[in-house]
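The values are calculated or read from the model by the stated rules, or taken from the named source; none is laboratory data. These figures come from a predicted structure and were not determined experimentally. Here the Cβ positions follow ideal geometry from the backbone for every residue, glycine too, while neighbour counts run over all protein chains shown.
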Ligand SMILES: *Cc1c(COP(=O)(O)O)cnc(C)c1O
């Protein structure tokens with residue numbers, strides 16, 4: 001599956017985040033040996049444990065909800081945080097990045113699904129807070145992230161992806177027209193990555209399709 005998927009993604013120049021949450025070190029190593037370097041996790045403890053026992057050139061992406069008091073554990077090594085959804089969280093990441101003498105890549109997670117449970121910024125709130133977020137010197141804001149509704153109705157997902165692309169374009173124009181970093185749209189998972197790419201995704205987060213179902 002990995003070889004086929006990377007072939008497919010290469011054509012559209014899309015970055016693969018291999019989502020390895022709940023999967024053992026051996027599964028990660030077997031993709032690493034095939035050349036994969038970007039892996040995604042959604043829990044801080046699992047992330048720090050795996051980082052400690054795997055090769056140092058892995059780029060770890062945090063894709064799950066992040067509590068402010070846990071940022072310090074990942075700040076020394078994390079390559080990208082996909083789940084920035086508040087000003088206080090952005091400030092803490094900035095502070096911890098500075099302590100580690102680093103600049104951390106972050107994506108602004110925007111709520112696109114209708115479901116109540118899905119995290120992410122309300123777009124208008126994000127617009128209000130962004131003028132302050134962009135002043136944080138130890139963050140590179142590299143783009144946006146969204147999670148679509150869990151549904152088999154393609155039209156629903158399509159509308160949500162379209163909205164995320166529109167949000168990205170609006171932010172690019174209004175806040176990042178001179179930024180060379182703001183270029184990523186992280187959208188698409190195992191079930192909808194092809195649609196996501198058609199709609200303009202630059203980064204897909206794929207777990208079960210690569211590693212098998214999680215239990
Ligand atoms: C688990 C997870 C994924 C991967 O889901 P799959 O359906 O297994 O590909 C992608 N994004 C986020 C935020 C996740 O938590």
> Given the structure, is residue 112 within 16 Å of the ligand (Cβ to nearest atom), part of a loop (DSSP other than H, G, I, E, B) and within 16 Å of the chain's Cα centre (by Cα)?
Replying inline: yes
> Can residue 133 be described as at pLDDT 95 or above, surrounded by 15 or more Cβ atoms within 10 Å (Cβ to Cβ), away from the ligand (no atom under 16 Å from the Cβ) and under 15 Å from residue 84 (Cα atoms)?
Replying inline: yes
>> Looking at segment 175-203 only, could you name the residues that are under 27 Å from residue 129 (Cβ atoms), within 10 Å of the ligand (Cβ to nearest atom) and out of contact with any strand residue (DSSP E or B) (no Cβ under 6 Å at 6 or more places or on another chain)?
In response: 187
> Applying the selection to segment 29-69, what residues are within 16 Å of the ligand (Cβ to nearest atom) and more than 22 Å from residue 9 (Cα to Cα)?
Replying inline: 42, 43, 44, 45, 46, 47, 50, 64, 65, 66, 67
> With respect to the numbered conditions (1) at pLDDT below 95; (2) away from the ligand (no atom under 14 Å from the Cβ), which one is the sole condition not fulfilled by residue 150?
Replying inline: (2)
>> Given the condition assigned to a loop (DSSP other than H, G, I, E, B) and either surrounded by 15 or more Cβ atoms within 10 Å (Cβ to Cβ) or within 16 Å of the ligand (Cβ to nearest atom) (or both), answer yes or no: does some residue in segment 158-174 qualify?
In response: no
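Does residue 81 satisfy the criteria of being without any contact (Cβ under 8 Å) to a residue 40 or more places away in the chain, in contact with a strand residue (DSSP E or B) (Cβ under 8 Å, 6 or more places away or on another chain) and either in a strand (DSSP E or B) or under 15 Å from residue 185 (Cα atoms) (or both)?
Yes; evaluated as a whole, the condition is true for this residue.
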> Taking the stated definitions as given, is residue 15 out of contact with any helix residue (DSSP H, G or I) (no Cβ under 6 Å at 6 or more places or on another chain), closer than 27 Å to residue 141 by Cβ, in contact (Cβ under 8 Å) with a residue 40 or more places away in the chain and surrounded by fewer than 17 Cβ atoms within 10 Å (Cβ to Cβ)?
Replying inline: yes
> Restricting the search to segment 175-196, which residues are more than 18 Å from residue 61 (Cβ to Cβ), within 18 Å of the chain's Cα centre (by Cα) and part of a helix (DSSP H, G or I)?
Replying inline: 194, 195
> Take the residues of segment 204-215 that are surrounded by fewer than 18 Cβ atoms within 10 Å (Cβ to Cβ) and outside any helix (DSSP H, G or I): which is farthest from the ligand (Cβ to nearest atom)?
Replying inline: 215
>> Here are the criteria: (1) out of contact with any helix residue (DSSP H, G or I) (no Cβ under 7 Å at 6 or more places or on another chain); (2) closer than 26 Å to residue 7 by Cα; (3) in a helix (DSSP H, G or I); (4) within 15 Å of the ligand (Cβ to nearest atom). Tell me which single one residue 26 does not satisfy.
In response: (4)
>> I'm told residue 36 meets every condition in (1) part of a loop (DSSP other than H, G, I, E, B); (2) surrounded by fewer than 17 Cβ atoms within 10 Å (Cβ to Cβ) except one. Can you identify the failing condition by its number?
In response: (2)
